[in-house]
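*Asks:* I'd like to ask you about the structure that follows.
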Amino acid sequence: MAELTLPEVELNIYGPKDPVEVTVVENYVVTKESSPNFVRHITFDISGTDLEGRVQVGQSIGILPPGKNEKGRDHKLRLYSVSSPTAGENGQRHLISTTVKRTIEEIDNKLYVGVASNYLADLQPGDKVKMTGPSGKRFLLPENAKEFNYLFFATGTGIAPFRGMIMELFEKGDYQNDCALIFGCPYRTDLLYSDYFEQMASEHSNFHYLKSISRENRRKDGSKHYVQTKLTDEEELLFPILKKENTLIYICGLKGMETGIYIELLRLGLEEYLDIRKKLPEDLNEIPRDKIKRFIKPSDRTFEEVY
Ligand code: A2P
């Protein structure tokens, strides 16, 4: 395998006690027009701050929403993955972006509106925001990133770091290996940045854009289309990539998605992506899903950020 070295990163240049003020430059919806969900792409101008040029793709930034919680305390910091490449949004190093879903939930007949996500979603160009960070030192592209193939698995806003990583790999036109983005969402209207990824797939034969839409059609056996089911349904494309020794897997999104991916990798005999801690039963279904982490952890070829 090509040598796998993660880059040195800077951490917490600004902390929650000394956040930096940055300015919103754009804030637009990236779900389809007819979607009832609102996911937004928000770009911040960080010029003149110590963040400029020092936030790497795969890292997160913190946002401090103004105001107090019901206990009268300041709202807590929320972390958001950066969705721009290390070189900055559109190659401009003073611009970094993130991807935010407005969270609205009904629990026991009551409406809960996510504080930070709705604060961010309401922002207008010119508004000021208190930012911290960067954070994260493992969910990164390796130093010699172009020497590897990638399978990027994302559900929902888990797409954010992969947008930046894909831009990073392809922007100079010299990336020769294979990169597959496997994206899962409930309906076609929830596809994120899909125009960009469709265009990338049409321009680069080594970029593969696979969509797992869970609530429209079922698979032949009646199960849902999830990101992990693509490992079987697109085996002809993905298996040869996975068998190469310079392939890495990245997983980002819903907590729990990683276990489904582990099981599919095991079924396909791809144990090199896993660190098996305990003897596995013959029938993998016998492993209780909530205890799977006692049996299997990701190997150094698998990176995950689930929440
Ligand atoms: P579903 O909710 O139909 O079961 P979003 O963040 O936009 O809601 O999308 C999350 C996507 O991830 C949905 O398609 C959801 O499907 C799917 N999903 C839910 N649970 C899992 C899981 N354990 N593994 C993989 N995908 C999942």
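The values are calculated or read from the model by the stated rules, or taken from the named source; none is laboratory data. Everything quoted here is computed from the prediction, not taken from an experiment. Every residue, glycine as well, gets a Cβ built from its backbone with ideal geometry; the counts of neighbours run over all protein chains shown.
*Asks:* Among the residues of the stretch 93-116 satisfying the criterion of being without any contact (Cβ under 8 Å) to a residue 24 or more places away in the chain and not in a strand (DSSP E or B), which is nearest to the chain's Cα centre (by Cα)?
*Replies:* T103
*Asks:* S212 is checked against (1) near the ligand (Cβ under 9 Å from one of its atoms); (2) among the small types (G, A, S); (3) assigned to a helix (DSSP H, G or I) and fails just one. What number does that condition carry?
*Replies:* Exception for S212: condition (3).
*Asks:* Look through the stretch 138-178, keep the residues that are of a type in the set (V, I, T) and assigned to a helix (DSSP H, G or I), and return whichever of them is nearest to the ligand (Cβ to nearest atom).
*Replies:* So, considering only residues that are of a type in the set (V, I, T) and assigned to a helix (DSSP H, G or I), the one nearest to the ligand (Cβ to nearest atom) is T157.
*Asks:* Right, next: Which one is modelled with the highest pLDDT among residues in the stretch 233-259 that are over 19 Å from Y150 (Cβ atoms) and touching a helix residue (DSSP H, G or I) at 6+ places or on another chain (Cβ under 8 Å)?
*Replies:* Looking at the filtered set, the residue picked out is L254.
*Asks:* Okay, next question. Can we say P36 is surrounded by fewer than 15 Cβ atoms within 10 Å (Cβ to Cβ) and at pLDDT 95 or above?
*Replies:* Taking the combined requirement at face value, the residue does not satisfy it.
*Asks:* For the stretch 247-265, enumerate the residues that are more than 7 Å from the ligand (Cβ to nearest atom), in contact with a Phe, Trp or Tyr (Cβ under 9 Å, 6 or more places away or on another chain) and not in a strand (DSSP E or B).
*Replies:* Passing the criteria: K255, E258, I261, Y262, L265.
*Asks:* Confirm whether N90 is surrounded by fewer than 17 Cβ atoms within 10 Å (Cβ to Cβ), within 23 Å of the chain's Cα centre (by Cα) and not aromatic (F, W, Y).
*Replies:* yes
*Asks:* Next question. Limited to the stretch 1-56, what total is found for residues that are more than 16 Å from the ligand (Cβ to nearest atom), of a type in the set (D, E, K, R) and more than 16 Å from T132 (Cβ to Cβ)?
*Replies:* Result for the stretch 1-56: 5.
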